[in-house]
Amino acid sequence: MSITDLEREMAAGIVHYEDRAFPLRIKEYTVTAPSHGRNIPHWHEDFEIAQIMEGICRYKVNDDEILLQKGDFLFVNSRVMHVNTRGSCPQMSARCLLFQPSLLTSNPMILAKYIEPVHRGAPFEYLYFPRNTEEAAECGRWMDMIYAAKRSSKPAYELEVLAGLHGLAACVYRHAANIAPAVDQRTPSADQEKIMLEFIYSNFRDRITLKDIAGSAYLSTHRCCEIFREKIGRSPVEYLNYYRLQVAARLLISSADRTVQQTGAECGFESPAYFTSQFKKQFGVSPREYRRRAAEKTGTG
């Protein structure tokens, strides 16, 4: 994988579909340890629906943090910044459904009345469906239908998937209609955070300073640091190095032909010794050892 492809995937929230003509991605996963390289705030054009099967998961959606437990659902709107991490439980299992709004309908009336107000109007950033509610139960039935249809891959399974997506969309729309009055959940600092993160994601390979990061959102360095501390829990420079290390970790696994020194240099570390020391501080092992262990797990070593 090239570093350009990797940075686009991690930073811009690029969603990889099995079939680009049917822009839908269904994931089922279990997490038993911190997932390096995936705890990156990101956004994408897709709608996202998460269903927690076991354990606890934390979703941070712009300024809000939502604790999700078994049976909970979360709908994240298009182009909204979010990140999820495993909670305090030793294991977390979830389903995640990502799909383009274009899949829902091409009928002009349905599009204008139900889809565009949510997608383009963006009256909310997310909707939470607590377990043991009628809404969560309804979402669960539609999700089961979608997953069963996708697994079967029988003729015309796409039509069953579409039926399930429309069912989910109806549930989301009805739930959103009960939120009165509709309020814009976005804040100026959330937009500024997004701009500065986008700057980091686009320029992390270069030599950039705190002043550069702050200047991308027309902020003072003091206000820039305040936003990062408040929303991410790190200084801008700390987060820049953190992101560089996450990209480096992914490259070490996906690109065996690169040397450790080349990997560090491509991720913005001018000194190989500094790269190795920071990597070991972040991941507990050297870059070389990290690559070796990953190869052993996948049987490629």
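The values are calculated or read from the model by the stated rules, or taken from the named source; none is laboratory data. Fair warning: this is a prediction, and the values are worked out from it, not measured in the lab. Neighbour counts run over all protein chains shown; Cβ positions are idealised from the backbone, glycine included. The protein model used for the area step is the full one, side chains on, heavy atoms only, and it has no ligands, DNA or RNA in it. Shrake-Rupley method; radii C 1.70, N 1.55, O 1.52, S 1.80 Å.
Figures for the structure shown
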read-out	value
Conditions (1) open to solvent by 60 Å² or more (accessible area, probe 1.4 Å); (2) touching a Lys or Arg at 6+ places or on another chain (Cβ under 9 Å); (3) of a type outside the set (A, V, I, L, M, F, W, C); (4) assigned to a helix (DSSP H, G or I): number failed by GLU198	(2)
Out of ASP19, ASP5, sole residue that is modelled with pLDDT under 85 and among the acidic types (Asp, Glu)	ASP5
Residue list for the stretch 51-64, restricted to those being open to solvent by less than 10 Å² (accessible area, probe 1.4 Å) and either among the hydroxyl-bearing types (Ser, Thr, Tyr) or under 23 Å from GLU198 (Cβ atoms) (or both)	TYR59, VAL61
Neighbours by Cβ (under 8 Å, 6+ apart or cross-chain): first from the stretch 31-60, modelled with pLDDT under 70; second surrounded by 17 or more Cβ atoms within 10 Å (Cβ to Cβ) and of a type in the set (A, V, I, L, M)	HIS36/ALA249; GLY37/MET10; GLY37/VAL247; GLY37/ALA249
Checklist (1) buried (at least 21 other Cβ atoms within 10 Å of the Cβ); (2) over 22 Å from LEU197 (Cα atoms) applied to LYS297, failing item	(1)
Single residue of VAL80, VAL76 found to be farther than 19 Å from GLU28 by Cα and either modelled with pLDDT of 90 or more or under 12 Å from the mean Cα position of the chain (by Cα) (or both)	VAL80
Subset tally (residues that are over 20 Å from HIS44 (Cβ atoms) and either touching a residue at least 24 places away in the same chain (Cβ under 8 Å) or hydrophobic (A, V, I, L, M, F, W, C) (or both)) for the stretch 116-135	5
Output for the stretch 159-170, where each listed residue is over 14 Å from PHE75 (Cβ atoms) and open to solvent by less than 70 Å² (accessible area, probe 1.4 Å)	GLU160, VAL161, LEU162, ALA163, GLY164
Evaluation of ARG25 against (1) surrounded by fewer than 20 Cβ atoms within 10 Å (Cβ to Cβ); (2) more than 15 Å from the chain's Cα centre (by Cα); (3) modelled with pLDDT of 85 or more; (4) not aliphatic (A, V, I, L, M) (one fails), failing number	(2)
Pair list, Cβ < 9 Å and 6+ apart or interchain, from the stretch 1-28 residues that are more than 17 Å from ARG79 (Cα to Cα) to residues that are at pLDDT below 70	MET1/GLU9; ASP5/ILE14
Pairs, first open to solvent by less than 10 Å² (accessible area, probe 1.4 Å) in the stretch 231-248, second of a type in the set (D, E, K, R), C-beta under 7 Å, six or more apart	VAL247/GLU7
Test set (1) open to solvent by 60 Å² or more (accessible area, probe 1.4 Å); (2) touching an Asp or Glu at 6+ places or on another chain (Cβ under 8 Å); (3) more than 27 Å from ARG293 (Cα to Cα) - ARG205 fails condition number	(3)
